[in-house]
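Peer 1: Before we start, here is the structure in question, set down as structure tokens.
The values are calculated or read from the model by the stated rules, or taken from the named source; none is laboratory data. Only a predicted model underlies this, so the values are computations on that prediction, with no experimental measurement involved. Don't worry about glycine lacking a Cβ; one is built from the backbone with ideal geometry, like all the others, and counts go over all protein chains shown. To get the accessible areas, we keep the full protein, side chains included, count just its heavy atoms, and leave off ligands, DNA and RNA. Shrake-Rupley method; radii C 1.70, N 1.55, O 1.52, S 1.80 Å.
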Amino acid sequence: MALGYTDFLAMIQRDADIGRDAAERVARATLTTLAQRISPGEARDIAEQLPEQLRSSLRDGGGPQPFSADEFFRRVQSHAQLAPDAVRRHVRAVFAALRQALRHDELADLASELPRELEALLLDEPALADLEAPPDGPMTAQDFIDRVARRAAIDHEAAGRATAAVLQTLAFRISGGEVEDLLERLPAELHPPLQHGRAEGGESARLMPLKQFLIAVAEREGVTRAQARLHTRAVFATLREAAGAKEMDDILSQMPQEYRSLLPRPVSPVA
């Protein structure tokens, strides 16, 4: 069932602790700025899934304009007449409402067009510091897949497919020694995709640009590339928790710098 206008605003009111009029202003300001940042086709797709009263804010935005997250916040602040220390909290509240209103595939498409800081805010990813502590005891396969499901906003079955696709592609990409390290750190139920990927790729690390990696994940999982990126981020974040920050750093050291965009980074505290 589609999210209605009153419910959309009520979510913003609750999360930002503001009144209805203010929620309306910040919703329109954020959507107007989104339309300036993303492609016209994506803006139209989002508009179709939002309450009719909000659709005009996404029309004729003139995007895509490749401005930064800081400029995004500045524009929202100006449009909604917000205090500088409140704008991030207000944008986060609108993004939370968008997560409820948009289909998963549309959310993935939108996230793929945003700079990293806004993508993390849209997907409600934890700060990188939250991932530093090891889990209490070994992580089970059930826990691993549950965390992927929560991060990617998909059901358990889909999270299992995403986990297998990413791990198989990762094992194809990295060296056999790194695969062995992962096999030691992950539960046995997650070993088959790693073993299949190593059998395909051999013992040496293989050159694979990030775009090619995501295409391979998408093909194995049967999803779009935007969804594959969202799912890969979820698996990588969970892999860091399960295998440890050092092991994840060792894996990423075998890859181009662009792969690090798939891990959350620290974000500023919400005012």
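Peer 1: Can you give the accessible area per residue of the chain, in Å², using a 1.4 Å probe?
Peer 2: 45 Å²
Peer 1: Using a 1.4 angstrom probe on the protein heavy atoms only, line up Met248, Met11 by accessible area, largest first.
Peer 2: Met11, Met248
Peer 1: If I compute solvent accessible area with a 1.4 Å probe over the protein chains, what percent of it on the stretch 68-202 is carbon and sulfur?
Peer 2: Looking at the stretch 68-202 in its full context, I get 47 percent from C and S.
Peer 1: In whole Å, what is the distance between the alpha-carbon centres of the stretch 57-120 and the stretch 160-224?
Peer 2: So the two Cα centres are separated by 33 Å.
Peer 1: Rounded to the nearest 500, what is the chain's calculated 222 nm mean residue ellipticity when only DSSP H runs of at least 4 contribute -39500 (n - 2.57) each, over all residues?
Peer 2: -20000 deg cm²/dmol, from helical runs alone.
Peer 1: If you take the beta carbon distance between Glu258 and Glu48 as r and set R0 to 25 Å, what does 1/(1 + (r/R0)^6) give as a FRET efficiency, to the nearest 0.05?
Peer 2: The value I calculate is 0.20.
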